[in-house]
Structure formats: structure tokens, C-alpha cells
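Some notes on the structure that comes next.
The values are calculated or read from the model by the stated rules, or taken from the named source; none is laboratory data. A quick note: this is a predicted structure, and the numbers were derived from the prediction, not measured. Here the Cβ positions follow ideal geometry from the backbone for every residue, glycine too, while neighbour counts run over all protein chains shown. These area figures cover heavy atoms from the full protein model, side chains too; ligands, DNA and RNA do not enter into them. Shrake-Rupley method; radii C 1.70, N 1.55, O 1.52, S 1.80 Å.
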Amino acid sequence: MGVGKSKEPATSSRKGEIDLSLFKARVDRVNVSGLGRTHDDYVQRAIKSLFTATSFQDVIVETTNVKDNLMQLGIFKNLKIHIDTSKGEGATKNGYEVTFQGNELSRITGSIGTELGQNDGAATAELTSPNIFGRGERLSLNYSYSFVRSSVLNLRFTKPYLHTAVGDYSPETSIAVFKHSSPSPWSKFRTDETGVLLDFSFALPFGLSNSLQYEIGTKEIFALDKHTPFFVRENCGPKLAAIIRYIGVYEGRDSNVFPTNGIFVRTTSELMGSSLTQFGVVKSEVHAEINMPLFAGISLQLCGRLGMLLNDKRKEAISINQLFFPGGPQSLRGFEIAGACPYRDGVAAGCQSYWASGIHVWSPLPFSRYFGGFGDLFRTHLFYNFGTCNTFTTDKLRSTAGAGLAVRIGQKARIEFNYCQPLSFELGDRIKRGFQFGIGYEFI
């Protein structure tokens, strides 16, 4: 990296330190090399902030920001930065020239790996063709098969609009053809879904991301075995399904896995029907979380989740795969998965509404500072979970208290080993006293 000399003298705030903000500077020219099939206008918006720099410190900061912006375009494999004094025609006093040297992604990329779900893990394989038409378009084929024998096959085409006048809001459209299969062993049925999904996503200020979706396809319910009750079998067979969906997420936490400060809110609302234009079922679910630091690395977490399902009986009946099944290590600890809802004929019958809350006191391991970064992977917590279903009062309240150890996996998921003591439950609930294992990315 070459650095030119400013005409102004430098002063330092402390001995040996130079305040780069005292060096006047501006960017005369920006070069982006390595572009083959990418159109120039797709990268121009990403680099425009460099021309607002008024000091050499601004140049350094904005260069780093622009590099991040360019990598987010999804066209480069890697980028190198070179800063030098401006020379030749058009050069100005205190002017600099910034060059980004990059390598475009190949025509086809692939990956094989694993991903974590809610109390589940899956093996995944993906093929992607990035930057098809030169403005970030990509076509991807994804397949995953999980431990609980659910499978997902997606073929998706995505078109971003980062180069347009509304690029600051990260707008993106996509169309996907999908085939999903997911078993529900607690109710002894399996749901197969095949269809097309249209999605328009965008971001708003203050960390609010939004997604508007329209899904059309077929959903077919199968009995898992010969012991599946008749009331479940009544729902079996193929049905046309149309869904209008909104997903909104506000992320204000300092960490996705072990937050100590900040707020997180996720809401999902669906309008469902059995034809293209007739909708008779409304389903909504909200998850919220507040984190507050206390002292010595200890933090308090308050979280809750609420779900509601309504239908117009003249238009649509509610199918069993649309119901809620609260209970389990991600919702009400101390209960089996789907163990905190009504049961019928020996299987979970689901519910049309529920609410669940949790109070946690999180703490790092004692002497964790002596283990370096390894100690940051672990947290202990005391918790109290409570909630119920088919009512928004405290009638038939389920509750559990306990303590546990959590282990961070990557930047999105964690494993919990908890000792649970159910305090209140209803006759027929499937409780889980003692140790309970949970893995996932969103807990109450």
C-alpha cells in the first residue's frame, strides 16, 4: 500500500501516535479491477461514499466500508486494496487514488456442509451460479436431509437491486420452486409440500428487515404408521394451498447466541387459503427478547413467544399441520417436544393459540478469563419458563425452573444441557424431569 505525503504538518495526541484526521485528503479516482461479466453500474453505487472523504482517516475508514459493500454484492471471491497518491491528468492537491483488485466468483460454485435447526441437524449440499447476468443475479440448487428425516429441495433465482436508487434499502426479489417433507412424530403424520414461492425482501432503518411472500402449491398429509389416530387421518390427502406471508425482524442485540444487551423481535403473519383468491385462515406468531447487563459479565434476559390461529369456518377448516405444538427445549423446558398442548388418542392434538415466557440469568463460567477465547464458548444460566395454550390468561399454567450449561456453535446456534424441574402442568402433558438436551438458534 502506498501512502502519499500531505502538505499539512501532522500533530500527535500522544507520543508515537499520529492523528490521521489532521491530514487533508480527497479521493480523485477509484479503480475496480478484475471485473469480467459484471456491469460497471452494479459496483458504482457501492463505491460512491469514498468521494465524501475529507481527511486521510476518512479515506481509510471509507475504503474499509466500501470493501465490505463490494463483497456484499456477491460477485467477488476476494478483494485487495491499494491506496496511492493521485498522479496524471485530473490529479489534485492532497488527492489519492484507491484501487480494488478482485477476482470474480467462478460460473459455478458448490458447497457441502451441515446446518442446525430447532432441535435438529441436517446435511446440506448446494450448487450456485452467481452473477449470471452481471448484476448480482444468482441461481441456486439446495438439498438438505436432517436427522429427523425431513428433507428440503429448493431451486431459487434471486435478483438484487443494490445498484438502483433504492439500493440503500437492500431490495431483493426471488422466485423458488420447492419440495419439502417434514415429519411430525408427536402427532404421527408427515407433511409434503410442493410449490412456488415469490419473495420480496427489503431493509428499513434501525435494523428492521422485512420479507413479503406469496406461496402457491400443494400440501399433502400422510399417516406415519398404522397407529395414527383417525382424527389425524381425517386431515390426510393432497390440498391446494395459497399463502400470503409477512416476516419482520428487528435485530438490536450485541450477539445472536449469548446476548448481554439489546432487543430482538421477530413476527410472522400468514393469510392462508385453499385457492388462489379465497383466504380463510390467519396465523400469526411473535417472538421477543430483551437483554440487560447486570454486573461481572452477568446479564438478565426476558423473552416470550405468542401464537394465534383464527379461521372463518364458512370458508376454511383448520388442518392439523397448521396448529401450534408448544413444549420442548426451545419453548417450554421441562416438557417434551409438543408436550405442553392437549393430547388425544395418545398423540399431540395441537392448539390454536399459546403463549410462553422465560426469565434467565446468564453468567460466564467461573475463571473463564483464564481460558482465553475458549471460555467465551460457554455460559451458565438459571431459568424459569412458564406459559399455556388455548388461552391468554394464566389458567392451566405450565411452568418449569432449572439451571443449565450452554455451548455456542458458530455465530448463530447453541447447545443447552439443562436440569429441569416442572413446577406446574396439566393432566396428559408430557413432562421431562431431570436433564434435557436442546440444540437450536431461537430459545425462550
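Observations
- Residues Asp120, Asp225, ordered by accessible area of protein heavy atoms at a 1.4 angstrom probe radius and largest first, appear as Asp225, Asp120.
- Hull volume in cubic angstrom per residue (convex hull over the Cα atoms of the chain): 181
- Trypsin sites (Lys or Arg not before Pro) restricted to DSSP loop in the stretch 78-185 with at most 11 other C-beta within 10 Å: Lys93, Arg107
- Dividing the convex hull volume of the alpha carbon atoms of the stretch 218-304 by its residue count gives 151 Å³ per residue.
- Applying the criteria of a DSSP loop state and at most 13 other Cβ atoms within 10 Å to the trypsin sites (Lys or Arg not before Pro) of the stretch 271-328 yields Lys313, Arg314, Lys315.
- Using alpha-carbon coordinates, inclination of helix 56-72 to the longest axis of the chain, degrees: 40
- Computed over the stretch 39-161, the quotient of the alpha carbon radius of gyration and 2.2 N^0.38 Å is 1.45.
- Cα→Cβ-extended label distance, 7 Å offset, between Leu294 and Leu382, nm: 0.7
- For the stretch 310-424, the percent of C-alpha pairs falling in each 10 Å distance bin, counted from 0 to the bin holding the largest distance, reads 13, 35, 27, 16, 7, 2, 0.
- Of all lysines in the structure, the ones whose alpha carbon falls short of 25 Å from that of Lys159, not counting any fewer than 8 places away in one chain, are Lys48, Lys67, Lys77, Lys179.
- Over the chain, Cα pairs under 8 Å with separation of 6+ residues give a relative contact order of 9 percent.
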